[in-house]
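This report concerns only the one structure given below.
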Amino acid sequence: MTQQEVRRTTEQAPAPAPDSASRKAGSKLGAAGAWSGAGRSREGAVWGVCGGDGASYRTVVDPAGPPAAHGPAYDCTCPSRTSPCEHVRGLLLRSAGEEVVPVGPAPDWAEQWIAGRRGRAREKGEADPAGPRSGVADPEAARRRAERRAERITAGATELERRLADLLRSGLASAEQAGHEGWEETAARMVDAQAPGLAARVRELGAIPGSGPDWPVRLLEECALLHLLDRGWLHRERLPEALAATVRSRVGLTARPAGPPLRDHWLVLAQTDTPDPRLTTRRIWLHGIASGRTALVLSYGAAGRAPDLALPVGLALDAELSAYPDAGRRRAALGERFAPPAPTTARPPGMTTTEAAALYGASLRDDPWQESVPVTLDDVIPTPDGTSWQLADVDGDTALPLTATAAARPGLWRLVALSGGAPVKVFGECGHRGFTPLTAWPSGPGEAVHL
């Protein structure tokens with residue numbers, strides 16, 4: 001087993017233990033001696049018989065599942081009312097141990113359960129191919145609700161336009177004197193108008209006055225972008241459908257995946273968490289090895305808790321993705337997973353720093369409000385640049401500066417150590433504030449390094 005395989009199975013193992021007692025009991029059953037007849041399939045299902053207290057219990061776990069499934073499915077013959085029981089967690093820990101669980105044919109009892117479960121999942125998908133919650137109970141009521149919300153957002157956008165016009169008439173210097181309270185009140189009114197995207201941008205405006213020597217320039221830039229979004233909403237019927245979908249998304253309307261499912265082996269490029277007082281947002285970047293497409297999957301967790309979805313960086317996942325309807329079409333929903341993440345030697349194709357800057361500029365035509373685009377840089381060297389750092393092309397005279405946030409993160413020093421003065425391949429986000437490195441690969445053979 002390679003180091004990558006060990007990491008894969010270990011990260012696959014965390015079946016949620018409902019309490020500390022179940023977690024402790026499951027840990028004891030993770031040893032090889034507790035199990036007999038343990039095995040696994042090439043699709044990732046694992047089974048075994050656990051003996052104890054004069055009885056033996058048959059346990060089986062199947063990680064591949066339908067889109068709505070959260071975590072692996074499992075079954076155990078033990079009488080425990082705790083779900084998952086300690087045998088399920090112990091079996092997953094057993095499969096994640098140093099000793100490899102052998103691949104082989106499943107015993108009849110496990111085979112019947114796996115086949116029955118997957119058959120039911122297929123039948124459910126055929127009966128409702130767009131998903132269990134795609135149907136609308138009352139389309140007419142839904143249409144009226146959507147119209148009422150659109151009217152509220154229009155009223156909010158109109159009021160915001162007046163607020164921006166008042167600011168420009170009175171001069172930008174007045175924003176520093178007025179303080180943050182006025183912006184908070186405006187943001188609250190956008191929340192009342194059911195436009196959370198506008199509210200978030202208004203709060204960002206309130207943080208700019210007095211935040212540095214060039215704050216009037218940044219405030220004017222952000223006001224212009226907010227004005228552009230307002231006008232886009234107020235005249236959305238004149239926009240191309242893709243751009244109108246982007247405007248609806250930026251204003252704060254939610255949408256469902258609209259693209260056909262695309263099955264591929266998706267290389268996990270990066271996974272980052274952004275906590276705030278109310279929510280933890282996990283961003284997972286994927287690259288289709290066959291399709292060449294780069295997609296972003298978002299997952300959310302309650303404040304202080306990690307989201308359920310976790311994919312190990314550097315592995316490849318055989319799964320389907322469905323795109324959301326916006327102009328860039330980078331955001332996607334993870335659909336059916338056909339196998340657990342597996343090791344791969346694939347790496348994303350890269351570009352130069354000049355091409356990366358041009359890509360970001362071109363993408364602004366489709367979505368003027370996006371902060372950055374996903375980019376893989378080939379053959380760049382991390383180089384000091386005064387008090388900050390930059391990524392310099394090894395064969396050119398151009399470089400991309402790192403964002404202030406990236407330059408302050410410990411991942412920078414992992415990147416510098418990986419490079420050692422030699423060129424490396426780096427995946428990250430490129431925007432108007434600079435480049436944020438997220439994952440790097442050495443120039444020769446080697447695993448991905450999360451930054």
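The values are calculated or read from the model by the stated rules, or taken from the named source; none is laboratory data. Only a predicted model underlies this, so the values are computations on that prediction, with no experimental measurement involved. Glycine gets a Cβ as well: all are built from the backbone with ideal geometry, and neighbour counts include every protein chain shown. These area figures cover heavy atoms from the full protein model, side chains too; ligands, DNA and RNA do not enter into them. Shrake-Rupley method; radii C 1.70, N 1.55, O 1.52, S 1.80 Å.
With a 1.4 Å probe and all protein chains kept in place, how do 190, 351 rank by accessible area, largest first?
Working: 190 0, 351 50 Å².
Order by accessible area, largest first: 351, 190.
Quick one: work out the % antiparallel among DSSP beta bridges in the range 282-378, nearest 5.
Numbers: 11 of 13 bridges.
If I count the DSSP bridges inside the range 282-378, around 85 percent turn out antiparallel.
Compute and list, largest first, the equivalent-ellipsoid semi-axes of the range 205-338 from the alpha carbon gyration tensor, each √(5λ) rounded to a whole angstrom. If you can, show how the numbers build up before the last one.
Values: eigenvalues 191, 92, 37 Å².
After scaling each eigenvalue by five and taking roots: 31, 21, 14 Å.
Going from most exposed to least, what order do 89, 189, 365, 203 have by accessible area with a 1.4 Å probe? Walk me through the intermediate numbers first.
Details: 89 40, 189 115, 365 185, 203 90 Å².
Output order, biggest surface exposure first: 365, 189, 203, 89.
Please list, in chain and number order, the residues 5+ apart from residue 389 or on another chain whose amide H is under 5 Å from its amide H, with Hs placed from the backbone.
402
Averaging sequence separations of C-alpha pairs under 8 Å and six or more residues apart, then dividing by the length of the range 190-319, give the relative contact order as a whole percent. Walk me through the numbers on the way to the answer.
Details: 173 pairs, mean separation 24.5, N = 130.
Contact order relative to length: 19 percent.
Just to verify a number: FRET efficiency for residue 120 and residue 365, C-beta to C-beta distance, R0 = 35 Å, to 0.05? Intermediate values should be presented prior to the final figure.
On the way: r = 46 Å, r/R0 = 1.32.
According to the calculation, E is roughly 0.15.
In whole percent, and with a 1.4 Å probe on the protein chains, what portion of the accessible area of the range 143-248 is carbon and sulfur? Write out the running numbers ahead of the final one.
Values: 3220 of 5880 Å².
C and S fraction of accessible area: 55 percent.
Around residue 377, under 13 Å between beta carbons, what's the net of Lys plus Arg minus Asp minus Glu among the other residues? Don't skip to the answer; put the middle values down first.
Working: positive: 347, 425; negative: 355, 378, 379, 393, 395, 429.
So the environment of residue 377 carries a net charge of -4.
For the range 209-259 and the range 265-289, what is the separation of their Cα centres, given in Å?
Measuring centre to centre over Cα atoms gives 23 Å.
For residue 344, what accessible surface area do you get with a 1.4 Å probe? Give it in Å², rounded to 10.
Per-residue accessible area (residue 344): approximately 40 Å².
For a test of the definition: using alpha carbon positions, the gyration tensor, and the 1.5 limit on a/c, classify the range 347-451 as rounded, prolate or oblate.
Details: a/c = 1.61, a/b = 1.40, b/c = 1.16.
In terms of gyration-tensor shape, prolate.
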